[in-house]
Amino acid sequence: MITYDNVEIRFGDFVAVPNLNLTIEKGEFFTLLGPSGCGKTTILRALAGFVTPSKGRILIDGKDVTKVASDKRNIGMVFQNYALFPSLTVKENIAFGLKVAKKDKAEIEERVANIAKEVELNQKQLARGISELSGGQQQRVAIARAMVMRPKILLLDEPLSNLDAKLRHQMRIQLKEMQTHFGITSVYVTHDQDEALAMSDRIAVLNAGHMEQCGTPREVSTEFVCNFLGDVNRLEPRVSQRMVDAGATNIDPTLPSYLRIEKVRLAAKGEPTPPGLIAVEGVVAGKSYHGINYTYELKLGQTTMKSVVPEDGMARHFEPGDPVVVLTNPENVLQYPETQNEKAAA
Ligand SMILES: Nc1ncnc2c1ncn2[C@@H]1O[C@H](COP(=O)(O)OP(=O)(O)O)[C@@H](O)[C@H]1O
Ligand SMILES: [Mg+2]
């Protein structure tokens, strides 16, 4: 278990992290998410022992490591730029830390072979120079080099951001599988929201050195949808259920659902439903004008939702009390699956 206890980190007069309190559980895949410059790397480096907090303590398994040298913390690190030794072979790169630790030759051979298998590097690749490998292979070498030391904690600082999109997706899965396989406590840094949501047990959302939120992907994504996507309807289960009854096959009514208000269209009752859309009946409860749009408040049985309709002469408009048909493409309904941990806890 890792604890940041009232940690402040300064660079001269500049306070990069004002007061961080955070606990990361054993075996957890924990992600620091936030825009460039918000302090993710700094927080990671403090845990690794490369920067010393100006206030507060960092504890690992209850032990205060704030002043413990970085090579005594048993932490592995993987960086965005891999930081491999270009003049050494793949095998020599992976074996480097074991050599420094003066392990005997047989043990080094065995441990390198085992970890290479784990990250899917074959004998041929082990003999190659670093520059002969692709970006994805180099990243696997970097992971193997960290993991061969059997660290208690693995830190990953934007490890996938130099890879192309397809490889990034593959590596996400591989990395996550490996983390689960080893059960290693991992602290992962990314500015990529999707990556964080897909891989993490929990996410801390950072902004200017402050932790704005901390929770499971599902807890955090609720806020994302509302903060980053503008005005959103949070659909009650019975509305989701009515959409399922109306033919939506992609919606799970047991999960929270979100629908942006501009994705909700209105039609008069009795009008045919356009292809690809689903129709749910409701009544106009309110209407307000905002420059170029009308915002409608709609009643669907006991629940309400909103729709924004442009005043462009194309769309039909309605008055409070009018019965309407609420149209939407079910593809626009956003849902986030439960994470494995949440399932396990349930
Ligand atoms: N060694 C340093 N000296 C001075 N300022 C630094 C140093 N390292 C980071 N910073 C500053 O601290 C802030 C957080 O940086 P960093 O942790 O690298 O952010 P992130 O990893 O989220 O992009 C930035 O404003 C950065 O300029
Ligand atoms: Mg960084």
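Annotations for the structure displayed:
- Residue count for segment 1-21, restricted to those that are open to solvent by less than 10 Å² (accessible area, probe 1.4 Å) and over 11 Å from G209 (Cα atoms): 2
- Residue within segment 40-53 that is more than 16 Å from ligand 1 (Cβ to nearest atom), at pLDDT 95 or above and assigned to a helix (DSSP H, G or I) present: no
- Failed criterion for F96 (all others in (1) hydrophobic (A, V, I, L, M, F, W, C); (2) open to solvent by 70 Å² or more (accessible area, probe 1.4 Å); (3) outside any helix (DSSP H, G or I) hold): (3)
- Going through (1) within 26 Å of the chain's Cα centre (by Cα); (2) free of Cβ contacts under 8 Å to residues at least 40 places away in the same chain; (3) open to solvent by 70 Å² or more (accessible area, probe 1.4 Å) one by one, G49 falls short only on (3).
- Of all residues in segment 133-150, those satisfying the criterion of being assigned to a helix (DSSP H, G or I), closer than 9 Å to I115 by Cβ and either open to solvent by less than 10 Å² (accessible area, probe 1.4 Å) or in contact with a Leu (Cβ under 6 Å, 6 or more places away or on another chain) (or both) are I143, A144.
- Verdict on E195 being without any contact (Cβ under 8 Å) to a residue 24 or more places away in the chain, in contact with a helix residue (DSSP H, G or I) (Cβ under 9 Å, 6 or more places away or on another chain) and in a helix (DSSP H, G or I): no
- Segment 54-82, residues that are within 16 Å of ligand 1 (Cβ to nearest atom) and either closer than 17 Å to Y188 by Cα or surrounded by 19 or more Cβ atoms within 10 Å (Cβ to Cβ) (or both): I58, M77, V78, F79, Q80, N81
- Scanning segment 23-55 for residues that are among the polar types (S, T, N, Q) and more than 10 Å from ligand 2 (Cβ to nearest atom) yields T23, T31, T52, S54.
- Of the candidates H191, H210, H181, H169, the single residue that is open to solvent by 40 Å² or more (accessible area, probe 1.4 Å) and touching a Gly at 6+ places or on another chain (Cβ under 8 Å) is H191.
- Among residues of segment 112-127, those that are open to solvent by less than 20 Å² (accessible area, probe 1.4 Å) and closer than 22 Å to T180 by Cβ, counted: 4
- A search for C-beta distances below 6 Å between a residue of segment 148-170 that is over 16 Å from Q193 (Cα atoms) and any residue that is within 13 Å of ligand 2 (Cβ to nearest atom) and in a strand (DSSP E or B), counting only pairs 6+ apart in sequence or on different chains, returns L155/M77; L155/V187.
- Candidates L154, L206, L160, L167, filtered to the one that is under 17 Å from Q80 (Cα atoms), within 16 Å of ligand 2 (Cβ to nearest atom), among the hydrophobic types (A, V, I, L, M, F, W, C) and assigned by TED's automatic domain parsing to the domain that holds F30: L160
The values are calculated or read from the model by the stated rules, or taken from the named source; none is laboratory data. This one's a predicted model, so the numbers in the text were calculated from it and none came from an experiment. Backbone-built Cβ (ideal geometry, glycine too); neighbour counts: all protein chains shown. The accessibility values were calculated without ligands, DNA or RNA, using every heavy atom of the protein model including side chains. Shrake-Rupley method; radii C 1.70, N 1.55, O 1.52, S 1.80 Å.
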